[in-house]
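The values are calculated or read from the model by the stated rules, or taken from the named source; none is laboratory data. Just so it is clear, the structure is predicted and the values come from calculations on it, not from any experiment. Cβ placement follows ideal geometry from the backbone for every residue including glycine, while neighbour counts extend to all protein chains displayed. Note: areas computed on protein heavy atoms with side chains; ligands, DNA, RNA excluded. Shrake-Rupley method; radii C 1.70, N 1.55, O 1.52, S 1.80 Å.
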Amino acid sequence: ATASLPFDPHDFSGVWMGTGGAFNTLSNDPPPMTSWAKVRYDAAKPGIGRRAQPLGNDPIMTCDPIGYPRIAFYNDYPMEFVQTKDRLIEFFDFFYTHRTIYLDGRKLPDDPDPSWYGYSVGHWDGNTLVVQTTGFNDKSWLDNDGHPHSDQMRLEERFEREEVKAPFAVL
């Protein structure tokens, strides 16, 4: 059983659940938008949420990938990290997709091919995994409300593990 393994703050391997809800929105605290983003936001017609319109134009309604970071906010679905020495692969149960975070010391490419999930590299800052991602296309939304991002988006995430010493039962 994994309970007998020593705690390693540099190992994220395992299945994880978030603590939020699937119907995420930035509308309660919207980000500042350029005029380009405001035009795109105003043209967005979400299929769910407070601005929902039947037959909306949400990219996921036409089976396009959900994109990152939006998929990370779907916390009602588990995700799994599989970690090796040189990479961390994040599998998402929602949309059955994955992204790779390279841990081998490489730098972000200067001109990556744009994609739905970007190009991610990580490094350790003490016990904090710092992940930087670039190379996004501009086709996905940041949330269910239609907030856009450009292909110039750069994302930095910080992950930390804490040892949980609460009692639990293994069935």
Q) In nm, what is the difference between 0.36 nm times the number of residues separating V164 and H10 and their Cα-Cα distance? A) 54.0 nm
Q: Subtract the Cα-Cα distance of S115 and M61 from 0.36 nm times their separation in residues, and report this length gain in nm to one decimal.
A: 17.6 nm
Q. Stokes-Einstein at 4 °C, 1.567 mPa s, Kirkwood radius from Cα pairs: D for the range 62-171 in µm² s⁻¹?
A. 85 µm²/s
Q) Mean residue ellipticity at 222 nm from the helices of the chain, using -39,500 (n - 2.57) per DSSP H segment of n ≥ 4 over the full residue count, to the nearest 500 deg cm²/dmol? A) -1500 deg cm²/dmol
Q) Zone of F81 (label point 7 Å along Cα→Cβ, backbone N under 19 Å): which residues in the range 146-167? A) 155-166
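Could you please state how large a percent of the accessible area of the range 43-116 is carbon and sulfur, counting protein chains only and using a 1.4 Å probe?
54 percent
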Q. Measuring from the lowest to the highest alpha carbon on each principal axis, how far does the range 1-148 reach, largest first, in angstroms?
A. 50, 37, 28
Q: Could you do me a favour and compute the accessible area per residue for the chain, 1.4 Å probe, result in Å²?
A: 62 Å²
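Once you list every other residue whose beta carbon is under 14 Å from the beta carbon of D76, what net charge do they have if Lys and Arg are +1 and Asp and Glu are -1?
Residues close to D76 contribute a combined charge of 0.
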Q) For the peptides 104-116, 87-99, 43-55, what is the packing order when you average, over each peptide's residues, the other Cβ atoms within 10 Å and list the highest mean first? A) 87-99, 43-55, 104-116
Q.
Taking the alpha-carbon distance from K38 and a cut-off under 23 Å, which lysines remain once sequence neighbours fewer than 8 residues away in the same chain are dropped?
A. K139
Q. How do the peptides 140-147, 29-36 rank, highest first, by the average count of neighbouring beta carbon atoms within 10 Å per residue?
A. 140-147, 29-36
